[in-house]
Structure formats: structure tokens, C-alpha cells
Amino acid sequence: MQATPDTVVTLSWHLTDAQDEPIADDEEGTDFYVGGADLLPVITQDLLGKRVGESGQLQIEPHDAFGDYDPELLRVEERRLFPDVLEPGLQFEQLPAGCASAAPGTLFTVTDIADNKVILDGNHPLAGMALRVRYTILDIREPDPDEREAQSAHLDDVDSGMFFTGTPRGSA
């Protein structure tokens, strides 16, 4: 069987920055729906036609990955607008009332809390970075009906992979 749109591939993968500093990996394998929301288009293109046991290696520039870093997506908001329990790393799909407006679907991550201010970043954590991906195809299969409907192999954990397309979903 070959990797084609509407198949699920299990990949053993390594993700690094352009200087080969590790970002994430999964030797055991992660399932990805080919042609849906799980993979960056450049990775999907590289997979097409490959079979179990075949590998790929890509250098992905920011415009083909998670975009350039946008300083307009940084926010400084008043601490009093946020819940009592707040720490760096927490994410907000919707900012509390009183905060500056944001585009729908922007996920903000708390990066710092100081002097009664909260620093938020709406960029994907990998925005602005050139990435290197190495992968090996461990398995290829037909998607189950739920995966096909969702066009994703990540029905329970939308963040189990590092290759998601579009706006970030969940923590990255």
C-alpha cells in the first residue's frame, strides 16, 4: 500500500530546528491522516507514493510551516482580568473580557507574568522557525470512519503530533 490522500500513515519522526537542535520526536510512531489537517502540506507532498519502510528528510522554511513570527500577536494585558490560577504556558482560546480583541481562532499562550501584567503570545510556538523533519513510514492503513469524517487521526488528542496545519489546536 502507498501513502495517498485518505490514508493514515504511522510515522517514526524527528523534528529539529535548522541548527539540528531537537524539538520533538516519536520513535514508536504517530498516526497521521494524509490529506487532512494532521500534516503540513509540504510533508504530505513528500509522503505521497511512498510505502512502508521508506523515509524522507525535509528542510521546511517558515512560510511552509507555521508562518513568520508576527509581533502584532503579542499582547500585554492587566493581571486582574485573568483567573487567579495563572502561570506561564497556560493557553487561552478566548481572552477574558476587558482584553484587546483578537482574531477568532487565535490561541494565546501566557509567556510571562510580571508587575501586574500578563504577557501573551498568539504565535504558534514554531512560528518563524525553519524546521528539519526526518521520518520513516512504519505503517499505512485505511482510515476508520471517524478518522475519515474528521480528516484527522488525532480524534482524542489534537496535539499528539507536531505537524498540524493551519492555526494551532490545543497546546503545541
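Remark: pairs (first residue in the range 3-23, more than 18 Å from Lys50 (Cα to Cα); second residue in a loop (DSSP other than H, G, I, E, B) and of a type in the set (Gly, Ala, Ser); Cβ separation under 8 Å; 6+ apart in sequence or on different chains) = Asp17/Ala130; Ala18/Ala130. Residue count for the range 105-120 satisfying the condition of being closer than 20 Å to Pro71 by Cβ and in a loop (DSSP other than H, G, I, E, B): 3. The set of residues in the range 21-54 that are among the polar types (S, T, N, Q) and more than 12 Å from Thr10 (Cα to Cα) comprises Thr44, Gln45. A search for C-beta distances below 6 Å between a residue of the range 74-87 that is within 23 Å of Ala127 (Cβ to Cβ) and any residue that is open to solvent by 60 Å² or more (accessible area, probe 1.4 Å) and not aliphatic (A, V, I, L, M), counting only pairs 6+ apart in sequence or on different chains, returns Val76/Lys117.
Conditions tested, residue by residue: (1) at pLDDT 95 or above; (2) within 18 Å of Arg141 (Cβ to Cβ); (3) surrounded by 17 or more Cβ atoms within 10 Å (Cβ to Cβ).
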position: Thr44; (1), (2), (3): yes, yes, yes
position: Glu61; (1), (2), (3): yes, no, no
position: Asp84; (1), (2), (3): no, no, no
position: Gln91; (1), (2), (3): no, no, no
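Just so you know, in the range 1-36 the residues that are outside any strand (DSSP E or B) and of a type in the set (Asp, Glu) include one that is least open to solvent (accessible area, probe 1.4 Å), and it is Asp6. State all residues of the range 116-155 that are over 24 Å from Gly29 (Cα atoms), free of Cβ contacts under 8 Å to residues at least 60 places away in the same chain and crowded, with 17+ Cβ neighbours inside 10 Å; if no residue qualifies, say none. Across the range 116-155, the qualifying residues are Val118, Leu120, Asp121, Gly122, Asn123. Quick check on the range 102-115. Is at least one of its residues polar (S, T, N, Q), at pLDDT 95 or above, within 19 Å of Pro143 (Cα to Cα) and open to solvent by less than 70 Å² (accessible area, probe 1.4 Å)? Taking every residue of the range 102-115 in turn, none turns out to be polar (S, T, N, Q), at pLDDT 95 or above, within 19 Å of Pro143 (Cα to Cα) and open to solvent by less than 70 Å² (accessible area, probe 1.4 Å). Under the condition of being touching a Lys or Arg at 6+ places or on another chain (Cβ under 8 Å) and hydroxyl-bearing (Ser, Thr, Tyr), the residues counted in the range 55-74 number 1. Limited to the range 50-95, what total is found for residues that are in a loop (DSSP other than H, G, I, E, B), within 24 Å of the chain's Cα centre (by Cα) and either of a type in the set (Gly, Ala, Ser) or more than 30 Å from Val133 (Cβ to Cβ) (or both)? Going through the range 50-95 one residue at a time, the tally reaches 7.
The values are calculated or read from the model by the stated rules, or taken from the named source; none is laboratory data. In this text, all values refer to a predicted model and were calculated from it rather than measured experimentally. For neighbour counting, all protein chains shown are included, and Cβ atoms are generated from backbone atoms with ideal geometry for every residue, glycine included. These area figures cover heavy atoms from the full protein model, side chains too; ligands, DNA and RNA do not enter into them. Shrake-Rupley method; radii C 1.70, N 1.55, O 1.52, S 1.80 Å.
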